[in-house]
1. Taking the beta-carbon count within 10 Å as an exposure proxy, list A:Asp169, A:Asp454, A:Asp312 from fewest neighbours to most.
2. Give me the number: length gained by fully extending A:Val484 to A:Asp522, i.e. 0.36 nm times residue separation minus the C-alpha to C-alpha distance, one decimal in nm.
3. Quick check: the angle from helix A:242-252's long axis to the longest principal axis of chain A, C-alpha only, nearest 10 degrees?
4. For chain A, what relative contact order do you get, as a whole percent, if you take Cα pairs closer than 8 Å and at least 6 residues apart?
5. Let me spell out the model: positive unit charges on the Cβ of Lys and Arg, negative unit charges on the Cβ of Asp and Glu, origin at the Cα centre of the stretch A:124-172. What dipole size does that give, in debye rounded to 20?
6. Going by a 4.7 Å Cβ-Cβ cut-off, which cysteines of chain A have no partner at all?
7. Run the reach check for A:Lys123 against aspartates and glutamates, Cα to Cα strictly under 17 Å, same-chain hits fewer than 8 apart removed. What comes back?
8. Based only on other Cβ atoms within 10 Å, what is the fewest-to-most ordering of A:Trp247, A:Trp557?
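All of the numbers you see were taken from the coordinates with simple rules; none came from a lab. Source: prediction; values computed, not measured. With ideal geometry, Cβ positions are generated from the backbone for all residues, glycine too; neighbour counts draw on all protein chains shown.
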Amino acid sequence: MKPKADNNEYSESEDFIRARIRSDLESGIEKPVTRFPPEPNGYLHIGHAKSICLNFGIAEEFGGECNLRFDDTNPSKEDIEYEEAIKEDVRWLGFDWENRIYYASDYFEQLYEYALQLIGEGKAYVDDLSAEEIREYRGTLSEPGRESPSRERSVEESLGLFQAMRNGDFDDGQYVLRAKIDMASGNMNMRDPVMYRIMKKPHPRTRDSWSIYPMYDWAHGQSDSIEGITHSLCTLEFEDHRPLYDWFIVQLGIYHSRQIEFARLNLSYTVLSKRNLMKLVSEGFVSGWDDPRMPTISGLRRRGYTPESIKDFCRKIGITKQDSVIDMELLEHSIREDLNRRAQRMMVVLDPLKVVIVNYPEGKEEELDAVNNPEDPSMGKRKVPFSRELFIERDDFMEDPPKKFYRLSPGSEVRLRYAYIVRCVGFERDPTTGEVTEVHCEYDPDTRGGSAPDGRKVRGTIHWVSAKSASRVTVRLYDRLFTVPNPMADKQREFTEFLNPDSLRILENCAAEPALGDCAGDINCQFERKGYFVLDSVDSVSGAPVFNRTVSLRDSWSRQSGGKVG
RNA sequence: UGGGGCAUCGUAUAAUGGCAGUACAGCGGACUCUGAAUCCGCUAGUCUAGGUUCGAAUCCUAGUGCCCCAGCCA
C-alpha cells in the first residue's frame, strides 16, 4: 500500500534551516557538511533524535555529509560507556557516519596552537583570579563587569604561564586562560570568557597527556571549522554564544562555519534533559537508561518503538525557533501508524477469565484460521487451537452491563474472533469474594470461523485463548512516566514528585497463543484489541517471555464509558 | 531602554502582500469478525492597539506576553 506521504504537509514546505541551506547552495557552497556533536556524558534521548534527523537528514537530502563528533572536552563528566551507547543509538536510527567519526579531543593540540596565536596577538591572557572572583568581576545581567588585573599581563608572561599550565605546573583552579573581549558587553558570553581551565584528570582518550582542557565555546566552533562544517546546527540556548563563536573564528582567520539555532524538543508527560534523566536512573526511579518508560533512544527501542516511527515523528514536529511542547500523543500516533501496517496480530488474554463452552465436546480440539495482519494480506494466516475451555478477558464479561456494552453478559451473544458465535448461559462466582470465576456459554456450530450464515448481526467480537494450549507469559503495561504534562513547570516542587505511581503494571499470568510461549528476537506484534507489544530484549528468557506494551490501541470505548480498560 | 530570541485552532506546523491550510487531539457519522484500522464530516486560530495598502498572519509604529543568558558544564 502506498504511504500517503506523497503530497502531505512535510514534503511541500521547507523549514527555515533547509531554506537557508538551499540558498547557500545557490550562492556558491559546494555541499552542506553538518555534524551531530554529543558529549559522551549520558544516553541519547528523543530530543537528540530530532537533532540527528536534522543533521543527517540534511546531508542525505542535499548530497552532503554529516559527521559524528564527540564533544569530549570535560573528562570529569564523560565516560566510554556513553560513547558506545551513542554510536549504537545513531546506527539503530538508521544513520551512517561512514568513516567520519571525530573527537574534539583530536583537536587539543591544534586548539592549543590557536590559543598561543591569540595570546601572541594580545587577544587572550592568563588570569589568576579565583572562580569566585571571576564571577564577581563578571558583573550582573544589568551591570557591566570589571576588568581583571591580569588583563594587563604581558604577552610574554601569559605565554609562559599558559605553557606552564599545560605542563601541569599548577593546581586545578589556580589559573585560567581567558579571551580579551569586552567586560562591559551586554552579552555575558563576551565578558572575557574562559577558554581553558586546569583539570588534572585523565581523559578517556588522551589519558594524562593534558592537564588543561578547552571550554565548549573555545572547542566547538574551531572543531567545526577544522572539519569544514558549513552549517553548525544547535539549540536555541546557544544563540547568545554565536557572537563568541564568530569572534574566535574571525580572530583566528580560519574557515567560517555558521551556527544556526533551532528550538529543542520538549515532550509532554516526560523530561528531556540529561541531568534529570540521570537523576531518574541514579536514584532508582527507573531500572536504567533503557527502562521502557524513559524517553531515551534505548528506552524507546526497548519499549518497542521502531526507528521509522521516531524518524516519522521528527519529520512531523518540524524545525522552528519557537519554544514548544509536543504532545506525547503525536509520538504515539507515529508508532501506532507504523505498527498497524507491519505488526503481526496475536491473541493474548491479559486478565484471564475461564469460559466453558458447555455444548462443545469434551476432549475435542480444532484448528481455526486467523489472519496475521488485515492491513497486509501477504502476511498470511496462522492456525489457532480451539477447545471447550477458553480464557477471555475478565472485563469482557459483565453480569450487569451498562448500555452499549457489546461484549459478554448473561443471555447475550458475542463472537469469539476467528471461531464461533457464543451465547452466555450462566456463570459461577466465588461465594466468599463474589468474584466471577467461570462463565458458561453455548456455541453455534454453524458459525465456525466467526461468520454468521443466517446474516445475524453480532456487535461484539472478543479475543480468546484455548485454555489447555495457552502459553503463560508476563506482560508489562507501561503508562506515562509523569502525571502532569510538564513536570518541570512547578518551581516549588521537585519533578520527581510528579512521577506516575502506575507507570508500570506487571501482569504475570497472561494467556497467550501457544506460539508466543517460545519466541525470540525483535518481535513487535499487536495483541488484538489490547495494543502493540514487543518481546523484552533484557528480561525474557527461553520459555518465559516478557512482553512490553509499546502503546495501547486507541480506545473509544474506555473513553466513552469513562472506565479504565486493561 | 542589560543582551539575545519567539508569538497562527487545545498542541504543533504551513501560508514570504492575494481564499488562513495540514497533522495530532477532541466531537459526530459510515464501515467493520479488533469499540482498532479505514472513510466522511464537524469544532477550533493569526498576542494587543494604531498605521501603510485595492488587499496584511506577512510591511511600519507602539505596546503586551513567554523563553534563554551572570559554570573554571555542554
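1. Ordered by Cβ neighbours within 10 Å, fewest first: A:Asp454, A:Asp169, A:Asp312.
2. Values: separation 38, 0.36 × 38 = 13.68 nm, distance 3.19 nm.
Result: 10.5 nm gained on full extension.
3. Once rounded, one gets 40 degrees.
4. Numbers: 1086 pairs, mean separation 63.0, N = 566.
Relative CO of chain A lands at 11 percent.
5. Details: 6 positive and 13 negative charges, 44 e Å.
It comes to approximately 220 debye.
6. That list is A:Cys66, A:Cys234, A:Cys424, A:Cys441, A:Cys510, A:Cys519, A:Cys525.
7. Here the aspartates and glutamates satisfying the reach criterion relative to A:Lys123 are A:Glu113, A:Glu147, A:Glu152, A:Glu156, A:Glu157, A:Asp182, A:Asp192, A:Asp217, A:Asp246.
8. Working: A:Trp247 19, A:Trp557 14.
Listed from fewest to most nearby Cβ atoms, that is A:Trp557, A:Trp247.
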